[in-house]
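A short worksheet on the structure shown next.
Since every read-out is calculated from the coordinates, none of them should be taken as a lab result. For clarity, every value in this text was computed on a predicted model and none was experimentally measured. Every residue, glycine as well, gets a Cβ built from its backbone with ideal geometry; the counts of neighbours run over all protein chains shown.
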Amino acid sequence: MVLDLELFRAEKGGNPNLIRESQKKRYKDEKLVDRVIEFDVEWRKARFRADELNRLKKLCSKEIGEKMKKKEPQSTKADLPNDFIPDDILSLAAESLKSLTVFQIKKIVLVIDEEIAKNSKQVGLLEQQRNDALREIGNLVHPSVPVSDNEDNNFVERTWGDITVEKKYSQMDLGIMVDGYDGDRGAVVSGARGYYLK
């Protein structure tokens, strides 16, 4: 089981320093926490971009629907004006779509689809990297656990029963000790090594 990502997000009430301390107590790399945070921030940015691209695509579809509803004349002119599509497609405004024909808007939708496909690959890659780094981080160490790099410094919490008994019993011996085994009747019925449980 991995830690919840909310613990890594300080702006949402998480405490990454607590996780760093836990890693330090385990004698593990503390920079792994920073890598998870870095991948998570990049993933959230890419996820936000994906949401914005979907919003823009929906806006284009809505504009196409309005133009079809108004039965505007369909121009076969599909070429966009020079430098109409900005470097960052997200800065495209809804007002600028109104002056375009349906075919031109469909061309913009194709550009948006390409951006969505590229961004989707990036989102998947960042999520995979984040989850891989997250799986390497152990659960939080309880305050009562002694800090040590091996098990020699562990202390005994409690013991139960007689711990001085060194002899190990077989299951046959244990069955006889609790009077839960009848070997004589079982041997008569099935031959050697047969038994009945009482």
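Given R₀ = 35 Å, what would the calculated FRET efficiency be for Y27 paired with E6, taking r from the Cβ atoms and rounding to 0.05?
Between Y27 and E6 the formula returns 0.85.
Pick out, in residue order, every one of the trypsin sites (Lys or Arg not before Pro) in the stretch 91-129 that is DSSP loop and has at most 11 other C-beta atoms within 10 Å; say none if there are none.
K98
Over the chain, what is the mean sequence separation of C-alpha contacts under 8 Å (at least six apart), divided by residue count, expressed as relative contact order in percent?
RCO, the chain: 26 percent.
For n ≥ 4 DSSP H runs only, could you compute -39500 (n - 2.57) per run for the chain, divide by its residues and tell me the 222 nm figure to the nearest 500?
Values: 6 runs with 102 residues, N = 198.
So the calculated ellipticity at 222 nm is -17500 deg cm²/dmol.
Tell me, what is the FRET efficiency for Q74 and Q128 to the nearest 0.05, using R0 = 41 angstrom and their Cβ-Cβ distance as r? Working shown, then result.
Details: r = 44 Å, r/R0 = 1.08.
It comes out at approximately 0.40.
Say each of E52 and E66 gets a label point 7 Å from the Cα, pointing the same way as Cα to Cβ; how far apart are those two points in nm?
That separation, rounded to one decimal, is 2.2 nm.
Which peptide among 145-156, 4-15, 186-197 comes first, and what is the full order, when sorted by highest mean count of other Cβ atoms within 10 Å?
By packing density, highest mean first, the sequence is 4-15, 186-197, 145-156.
Run the quick spin-label model on R20 and S99: label points 7 Å from Cα toward the beta carbon, then report their separation in nm to one decimal.
About 5.2 nm, to one decimal.
Jot down the radius of gyration and Dmax of the chain, Cα atoms only, both in angstrom.
Answer for the chain, Rg first and Dmax second: 34.0, 101 Å.
Name the residue farthest towards the positive end of the dipole of the chain from the options L140, L3, S96, assuming +1 on Cβ of Lys and Arg, -1 on Cβ of Asp and Glu, about the Cα centre.
Value computed over the given set: S96.
Where a Cα-Cα gap under 26 Å defines reach, which lysines qualify for K168, not counting those fewer than 8 residues away within the same chain?
K198
In whole Hz, with x marking every Gly and Pro, tabulate ³J(HN,Hα) for the stretch 184-189 from phi via Karplus 6.51 cos²θ - 1.76 cosθ + 1.60, θ = phi - 60°.
5, 5, x, 5, 5, 6
On full extension of the chain, what length is gained from D149 through L174, given 0.36 nm per residue of separation minus the C-alpha to C-alpha distance?
Values: separation 25, 0.36 × 25 = 9.00 nm, distance 3.89 nm.
Additional length available on full extension: 5.1 nm.
Among the lysines, which fall within straight-line cross-link reach of K106, defined as a Cα-Cα distance under 18 Å, with same-chain neighbours fewer than 8 residues apart omitted?
Straight-distance partners of K106: K57, K58, K62, K67, K69, K70, K71, K77, K98.
Starting from the amide H of Y181, placed 1.01 Å from N in the peptide plane, find each other amide H under 5 Å away whose residue is 5 or more places distant or on another chain.
K198
Provide the per-residue ³J(HN,Hα) series for the stretch 151-163, in order, calculated from phi with Karplus coefficients 6.51, -1.76, 1.60 and θ = phi - 60°, each as a whole number of Hz, with x at glycine and proline positions.
8, 5, 8, 5, 10, 7, 6, 6, 10, 9, x, 7, 8
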